[in-house]
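**Q** First the structure, then my questions, so here it is.
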Amino acid sequence: MKLDQIAYYAHTDEQVQQLKEMLGLHGTSWIEDIAEGSVGTVHPLLGHWIEGRSQGHLRFNYDHEIELEILTYLDGPHWHAGKAAFKAGRPFLSHVGFHMDEGEEVPAWIKESGTIVQVMDTDSHTNDYIVSKKRTYHYEIYSVPFGPDMKFIWRKEP
């Protein structure tokens, strides 16, 4: 398990540019991907688990020696929908991410103190590198009573 991702949420291209400037990364190289897959998440109003398909626009930069992501959901349910900052249309800190080794599990203390708010399995990507590797991902996202949400990421190789 390696903590190696900090992610922000942006609703618009203007907010994406604002975040890039805030991070000192305007005019730098970003890797983009449109990821789609099956998702399970908590309904923002009713509080029960729902399932569907989601699509997100992912933008990654590595200039600060950590994976910085700017995320925008394009379609489908997602765990941000119930958050005050999302409803207000503001950009915000989305999560910190941990890339996991095969067979590695979410730490017990996260499962005990946090609440799972989304599970996703991607099956479609537009990034040439990911497509060439035929790679997909499994994500589990936990809301914890302290700090930002935590995303656990497993790469799935064919």
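Each value in this text was obtained by applying a stated rule to the coordinates, not by laboratory testing. Everything numeric here is computed off the predicted structure, so don't read it as measured data. Heads up, the Cβs are rebuilt from the backbone with ideal geometry, glycines too, and the neighbour counts pull from every protein chain shown.
**Q** Restricting segment 53-97 to residues that are in contact with a Pro (Cβ under 7 Å, 6 or more places away or on another chain) and part of a strand (DSSP E or B), which is surrounded by the most Cβ atoms within 10 Å (Cβ to Cβ)?
**A** HIS95
**Q** Assess whether ILE50 counts as being in a strand (DSSP E or B) and in contact (Cβ under 8 Å) with a residue 60 or more places away in the chain.
**A** no
**Q** For VAL42, all conditions in the list (1) surrounded by fewer than 13 Cβ atoms within 10 Å (Cβ to Cβ); (2) touching a His at 6+ places or on another chain (Cβ under 8 Å); (3) of a type in the set (Val, Ile, Thr) hold save one; what is the number of the exception?
**A** (1)
**Q** For segment 131-157, give me the residue count where each residue is surrounded by 13 or more Cβ atoms within 10 Å (Cβ to Cβ), out of contact with any Ser or Thr (no Cβ under 8 Å at 6 or more places or on another chain) and over 17 Å from LYS2 (Cα atoms).
**A** Here the count works out to 2.
**Q** Taking segment 1-34 as the region of interest, how many residues are small (Gly, Ala, Ser) and touching a residue at least 60 places away in the same chain (Cβ under 8 Å)?
**A** So the count comes out to 2.
**Q** Filter segment 2-25 for residues that are outside any helix (DSSP H, G or I) and either surrounded by 13 or more Cβ atoms within 10 Å (Cβ to Cβ) or among the basic types (Lys, Arg) (or both) and give the result.
**A** Those that are outside any helix (DSSP H, G or I) and either surrounded by 13 or more Cβ atoms within 10 Å (Cβ to Cβ) or among the basic types (Lys, Arg) (or both): LYS2, ASP4, GLN5, ILE6, ALA7, TYR8, TYR9, ALA10, HIS11, LEU23, LEU25.
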